[in-house]
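Report on the structure given below.
The values are calculated or read from the model by the stated rules, or taken from the named source; none is laboratory data. Values in this document were obtained by computation on a predicted structure and should not be read as measured data. A quick note on method: Cβ atoms are made from the backbone with ideal geometry, for glycine too, and the neighbour counts reach across all protein chains shown.
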Amino acid sequence: MMLPTTTVGSFPKPAYLVKARTLFSRKKISQNELKELEKEATQEIIKLQEDIGLDILVHGEMERGDMVTYFAERLEGFGISGLVRSYGNRYYKKPIVKGKIKRNSSIALEMFQYAQSLTPKPVKGMLTGPYTMCDWSFNEYFETRRDLVLNLAEVVHQEALDLDRAGAKYIQIDEPAISTRPEEIDLAIEAMKIVTNGLKAKTVSHICYGDFTTIYPKILDLAVDQLDLEFANSDFTNLEIFRTPAFTKEVAVGVVDVHSHEIETKEKVKDNIKKVLNVFPLEKIYIDPDCGLKTRTLKEAEAKLRVMVEAAKEIREEMSAAHVRKECCEIEKTH
Amino acid sequence: MLKTTVVGNYPKITEDRSAPNLRSALNKFDQKKISKEELEKVYQETIKRVIKEQEEAGVDLITDGQIRWDDLVTPFARNIEGFKIGGLIRFFDNNAYYRRPIAKSKLSFKDYSTVEQFNFLKQNSIKKVKAVLVGPFTLARLSKDEYYDDEDELTLNLAGILRKEAERLEEVGAEFIQIDEPCLCFSPEKIDLVDQAIKIVADGLKAKTFLYLYFGEIKDLIPGVFGFQVDGIGVDLISRPENLDLLLESASDKELILGCVDGRNTKPEKEEELLSLFERVTQKISDEKIYISPSCGLEFLPHSSAMAKLKTMVQSVRKFNHTEDD
């Protein structure tokens, strides 16, 4: 199908789950009680995506807080994270590397399998990339950042292999930090080769906070089949850089802005889709929001996705109608 | 004797659940659950705690921890006519963000940004205190210019506005004023412009003035930056370890702030390593001219780590000075 629709990964957590997470952190409810609620919420998110009509689903990350901390807290070698402010009144628990990183059991597998069991549509397996894991952690153990990144790459590779063996059609390894230090892009590329080595699944990497000018076309060397990029938030001003040299991978294009409360109109989103049709080959384009939806309310997230899916559908119909007209013309001409 | 100072910001919240919590107070204020006065009380309690922690650690020259600042630029931009505050942008190579000021029209002084904060610091501290200003070039470079279309003109205009702030700080009793210019490290070709801008801000002030350069290298700024019209230069020896050799090779009569405790990583410093660094430096430069400090503000660290690092820093300096009983 042309222009399949998907999302980047996270969905907003329902109020009962937010509350349960607080209670769990205060040791007022058990791990099992929390897990039941995470599964309940996952079920709702899968159902919502089917209802909206998305083509490739995500499990919604109901069990995760921060995308780096979630994995760090489940890996050997990381110590207890400390609270650090990122901006305004927002804080995150920044992991601390205290020793060699080892994985004792699968981390992402269980929730992936659960979510995939609920739907015949493909669900993406979601991982955080080794470069971002390193960049968003303190390092008290490794001599160099490279040593840490390559150790993390091995661990994320094991996670990816588990998802692959469990039948994931798509495995997404997010690297939002990749544009932070353009001088380290070769390291991020080296690490991704380790992560995706030998996978059967289609691989995706989401990159955001982007000044793509500093990392394009180098980023085309990242060992994934698809790059998932944000465009709507910057009003597509960065689109032109992808013309030369030509983009060689599949691309998932962010056509709705996840940082604004405002729901885009269908016409606006259709315009956005038309803009990218001029730059990327049609058969390589996927349609999705700019970034994870967890900072929106569930209502806003749903409304944005409905508009997006509807806009993609209309563009598809317009294009096949145009295609039919063109064929008719050609038939007339030959006669 | 070596002295100690800090660069500026400090963690706003602690792991201690019984301490006043600015984070939750700000959340409650946003949800209209507490009044402006109640929020103000938490601000003041927090700043007093931060002052006390630096004093108890034994730092000689302290700040208020910039507890009321969201970032380095918006506290100033909000008080400059002609700036609008824009979206979030990554702050250098940190996983931390600032709101980008946008110059929409001619910029002019609207109100003082830090004078009341400085007064509060002075009244509540028994130590020497330092005021901190964003540098005019760094403020210009981190902003979006939709009016001047000329970074030099924007920088010099901002320098004039910051001059007013510096003069007022001096009037209310500031004896130490630090100007942060991290952006200069990444654009050494702008050194003449920044020299001119710093002159506008600091010329003729009686207060002792420092220029602090963190996150970057000083290779192409030496010896030029030693000709700047300030009393001292602060250098980050962690982000760029080679900065130390550059300093030691150059002769200057300026005072120095040496950022040699990592403000961006929790890994604890070793006392013996700091001591050998102090040895090395004081063989070339008189210890009377040197302040030891973290490499940048401490807010990139969790509170417990920030505090531990301050203690290690002061203890090492005391050991070096043979004043351990202080």
Per the filter on the range B:189-213, residues out of contact with any Phe, Trp or Tyr (no Cβ under 9 Å at 6 or more places or on another chain) and in contact (Cβ under 8 Å) with a residue 60 or more places away in the chain are B:ILE200, B:VAL201, B:TYR212
Regarding the range A:132-139, can at least one residue be identified that is more than 10 Å from every other protein chain (Cβ to nearest Cβ) and either of a type outside the set (Phe, Trp, Tyr) or at positive phi (or both)? yes
Which number in (1) under 18 Å from the mean Cα position of the chain (by Cα); (2) within 14 Å of chain A (Cβ to nearest Cβ); (3) not small (Gly, Ala, Ser) marks the one condition that B:GLN117 misses? (2)
Does the range B:52-70 include one or more residues that are within 19 Å of B:GLU181 (Cβ to Cβ), within 14 Å of chain A (Cβ to nearest Cβ) and either in contact with a helix residue (DSSP H, G or I) (Cβ under 7 Å, 6 or more places away or on another chain) or modelled with pLDDT of 95 or more (or both)? yes
Mind telling me which of the residues A:GLY88, A:GLY82 ends up being within 12 Å of chain B (Cβ to nearest Cβ), surrounded by 20 or more Cβ atoms within 10 Å (Cβ to Cβ) and modelled with pLDDT under 95? A:GLY82
Please list, ordered by residue number, the strands (runs of 3 or more DSSP E) wholly in the range A:74-145 having 1 or more residues that are over 24 Å from the mean Cα position of the chain (by Cα). A:76-87, A:90-102
Per the filter on the range B:59-71, residues out of contact with any Ser or Thr (no Cβ under 7 Å at 6 or more places or on another chain) and of a type outside the set (S, T, N, Q) are B:ASP64, B:GLY65, B:ARG68, B:TRP69, B:ASP70, B:ASP71
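To keep it simple, each residue is scored yes or no on (1) more than 14 Å from chain A (Cβ to nearest Cβ); (2) surrounded by 23 or more Cβ atoms within 10 Å (Cβ to Cβ); (3) in contact with a helix residue (DSSP H, G or I) (Cβ under 7 Å, 6 or more places away or on another chain).
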residue	(1), (2), (3)
B:LYS284	yes, no, yes
B:ASP287	yes, no, no
B:PHE300	no, yes, no
B:ALA306	no, yes, yes
B:GLN315	yes, no, yes
B:THR323	yes, no, no
How many of the residues making up the range A:272-299 are within 11 Å of A:LEU3 (Cβ to Cβ) and buried (at least 23 other Cβ atoms within 10 Å of the Cβ)? 2
The range A:53-70, subset touching an Asp or Glu at 6+ places or on another chain (Cβ under 8 Å) and away from every other protein chain (no Cβ under 13 Å), residue surrounded by the most Cβ atoms within 10 Å (Cβ to Cβ): A:MET62
Within the range A:1-59, the residues that are among the small types (Gly, Ala, Ser) and at pLDDT 95 or above are A:GLY9, A:SER10, A:ALA15, A:ALA20, A:SER30, A:ALA41, A:GLY53
